[in-house]
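Engineer: Please read through the structure below; I'll follow up with questions.
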Amino acid sequence: MKFDEIRKHLSRFRVGIAGAGGLGSNCAVALTRCGIGSLVIADHDSVEEPNLNRQYYFTDQIGKAKTIALEENLSRINPETHVVSFQTILDKSNISGIFSGCDVIVEAFDSAEMKKMLIETVQTQLPHIPIVVASGLAGWGKNNTIRFRKIDDTLYICGDESSDVNDDLPPMAPRVGIVANMQANVVVEILMQKSIRQ
């Protein structure tokens, strides 16, 4: 299948991204470059200088809401990808309303509690929508430990599933980027299979 055909298929779909940090911003960039039709991005945070070691932002965007800054960056990559952004903290009460029209949802949180809450809420309130989560991406090296695992038809995990972020094992651009791009790759695979079946 030629890239123009792939792009045409992907332009039919909407992907939700919960979090616009290292995982979310890099995953959004990869999907935008592939020609995804629309992205729904939710995050409550602003760009800070320490984010620049792994997140898809620039020094002149420090202080700006991540959703706004990311929307600007994505439009420079592919203005045909429609971005809907929500400057909000996600919780059980608003996840369904924000992501209900999506074909796939990407989990891109730092907090284990938020990851768990999102997975449980999506599987309960939006059980037909696949969710692609990340688990274990701290530090550097150990490429052979990063993997993909399909739990069931709606839950997919990317990462090493063991390395926790801490002061001595911080999140760094290479491994964060690998996992974010792996998430994007899983999303593309899900959507290409969906388009083939329809």
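Engineer: Given the criterion at pLDDT below 95 and either within 27 Å of residue 136 (Cα to Cα) or out of contact with any Asp or Glu (no Cβ under 8 Å at 6 or more places or on another chain) (or both), identify the matching residue among 73, 53, 26.
Structural biologist: Details: 73 fails: at pLDDT below 95; 26 fails: at pLDDT below 95.
Only one candidate qualifies: 53.
Engineer: Among the residues of segment 136-156, count how many are at pLDDT 90 or above and in contact with a helix residue (DSSP H, G or I) (Cβ under 9 Å, 6 or more places away or on another chain).
Structural biologist: Within segment 136-156, residues that are at pLDDT 90 or above and in contact with a helix residue (DSSP H, G or I) (Cβ under 9 Å, 6 or more places away or on another chain) number 8.
Engineer: Residue check: is residue 161 of a type in the set (D, E, K, R) and modelled with pLDDT of 90 or more?
Structural biologist: Values: of a type in the set (D, E, K, R): yes; modelled with pLDDT of 90 or more: no.
In short, no.
Engineer: Condition check: without any contact (Cβ under 8 Å) to a residue 12 or more places away in the chain and within 23 Å of residue 13 (Cα to Cα). Does residue 167 satisfy that? Break it down stepwise before answering.
Structural biologist: Working: without any contact (Cβ under 8 Å) to a residue 12 or more places away in the chain: yes; within 23 Å of residue 13 (Cα to Cα): no.
Spelling it out, it is not the case that residue 167 is without any contact (Cβ under 8 Å) to a residue 12 or more places away in the chain and within 23 Å of residue 13 (Cα to Cα).
Engineer: Residues in segment 117-138 that are among the hydroxyl-bearing types (Ser, Thr, Tyr) and farther than 19 Å from residue 158 by Cβ: how many? Spell out how you get there, then give the answer.
Structural biologist: Start the filter on segment 117-138 by keeping residues that are among the hydroxyl-bearing types (Ser, Thr, Tyr), which leaves 121, 124, 135.
Applying the additional criterion that residues be farther than 19 Å from residue 158 by Cβ yields 121, 124.
Count: 2.
Engineer: For segment 120-135, enumerate the residues that are surrounded by fewer than 17 Cβ atoms within 10 Å (Cβ to Cβ) and either in contact with a helix residue (DSSP H, G or I) (Cβ under 7 Å, 6 or more places away or on another chain) or closer than 22 Å to residue 20 by Cβ (or both).
Structural biologist: Filtering segment 120-135 for residues surrounded by fewer than 17 Cβ atoms within 10 Å (Cβ to Cβ) gives 120, 123-125, 127-128.
The answer is 120, 125.
Engineer: Just one of 69, 138 is surrounded by 15 or more Cβ atoms within 10 Å (Cβ to Cβ) and in contact with a strand residue (DSSP E or B) (Cβ under 6 Å, 6 or more places away or on another chain); which is it? Walk me through how you get there before you give the answer.
Structural biologist: On the way: 69 fails: in contact with a strand residue (DSSP E or B) (Cβ under 6 Å, 6 or more places away or on another chain).
Just one listed residue meets the conditions, 138.
Engineer: Being within 17 Å of residue 101 (Cα to Cα), surrounded by fewer than 23 Cβ atoms within 10 Å (Cβ to Cβ) and among the small types (Gly, Ala, Ser) is the filter here; which residues of segment 1-49 pass it?
Structural biologist: Result: 11, 37, 38.
Engineer: Then there's this: Condition test on residue 161, is it acidic (Asp, Glu), touching a Ser or Thr at 6+ places or on another chain (Cβ under 9 Å) and either without any contact (Cβ under 8 Å) to a residue 60 or more places away in the chain or farther than 27 Å from residue 10 by Cβ (or both)? Talk me through it step by step, then tell me what you get.
Structural biologist: On the way: acidic (Asp, Glu): yes; touching a Ser or Thr at 6+ places or on another chain (Cβ under 9 Å): yes; either without any contact (Cβ under 8 Å) to a residue 60 or more places away in the chain or farther than 27 Å from residue 10 by Cβ (or both): yes.
Here the answer is yes, as residue 161 does meet what is asked.
Engineer: I'm checking my understanding of the structure. Among residues of segment 80-100 that are in a helix (DSSP H, G or I) and in contact with a helix residue (DSSP H, G or I) (Cβ under 6 Å, 6 or more places away or on another chain), which one is nearest to residue 55 (Cα to Cα)? Talk me through it step by step, then tell me what you get.
Structural biologist: So the first thing to find is which residues in segment 80-100 are in a helix (DSSP H, G or I), and the list is 95-99.
Remaining after also requiring in contact with a helix residue (DSSP H, G or I) (Cβ under 6 Å, 6 or more places away or on another chain): 95-96.
Details: 95: 23, 96: 26 Å.
Taking the candidates together, the pick is 95.
The values are calculated or read from the model by the stated rules, or taken from the named source; none is laboratory data. Only a predicted model underlies this, so the values are computations on that prediction, with no experimental measurement involved. Every residue, glycine among them, receives a Cβ derived from its backbone with ideal geometry; neighbour counts consider all protein chains shown.
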